[in-house]
1. For residues that are among the small types (Gly, Ala, Ser) and over 10 Å from the mean Cα position of the chain (by Cα), scanning just region 57-77, find the one that is modelled with the highest pLDDT.
2. Could you tell me how many of the residues in region 29-38 are surrounded by fewer than 18 Cβ atoms within 10 Å (Cβ to Cβ) and under 9 Å from the mean Cα position of the chain (by Cα)?
3. Give just the number: which of (1) at pLDDT 95 or above; (2) surrounded by 12 or more Cβ atoms within 10 Å (Cβ to Cβ) does residue 54 not satisfy?
4. State which residue is most open to solvent (accessible area, probe 1.4 Å) when the search covers only region 1-28 and only residues that are of a type in the set (A, V, I, L, M, F, W, C) and assigned to a helix (DSSP H, G or I).
Amino acid sequence: MIVCSCNVLTDKELRKAARELQSGPDRVVVTPGAVFRALGKRPRCGSCFSTVIPIIHEEAPADKGTPPAAGENRDEG
C-alpha cells in the first residue's frame with residue numbers, strides 16, 4: 001500500500017528501511033526523516049507521518065538492548 005504519495009513509498013519499503021536502520025551497528029534512533037534518507041528521499045508535505053511513525057514502532061525490536069530504566073536492575077530477579 002502506498003503510504004507516502006509525494007514520494008510514492010509503500011509500507012513495505014518503509015518497514016524494510018526501518019528494520020535495517022534499527023538492526024544496524026550504530027543503533028540509531030529511527031525517525032521518519034532517517035527512514036526517508038535511507039530510501040534516498042526527503043519528506044515533502046509530511047501528511048504521511050501519522051502513518052509512518054506507527055510503522056517504525058511496529059518494526060522496532062521488542063526490548064532488544066534497551067537500557068534499564070533509572071533505578072531498574074535487570075540482573076536482579
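1. Once the filter is applied, the top-ranked residue is 62.
2. Residues in region 29-38 being surrounded by fewer than 18 Cβ atoms within 10 Å (Cβ to Cβ) and under 9 Å from the mean Cα position of the chain (by Cα): 3 in total.
3. Result: residue 54 passes all but (2).
4. Across region 1-28, the extreme among qualifying residues is 21.
The values are calculated or read from the model by the stated rules, or taken from the named source; none is laboratory data. Because the structure is predicted, anything quoted here is derived from the model rather than measured. Cβ coordinates were reconstructed from backbone atoms using ideal geometry, including for glycine residues, and neighbour counts include every protein chain displayed. Heads up: the accessible areas ignore ligands, DNA and RNA and are worked out on the full protein's heavy atoms, side chains in. Shrake-Rupley method; radii C 1.70, N 1.55, O 1.52, S 1.80 Å.
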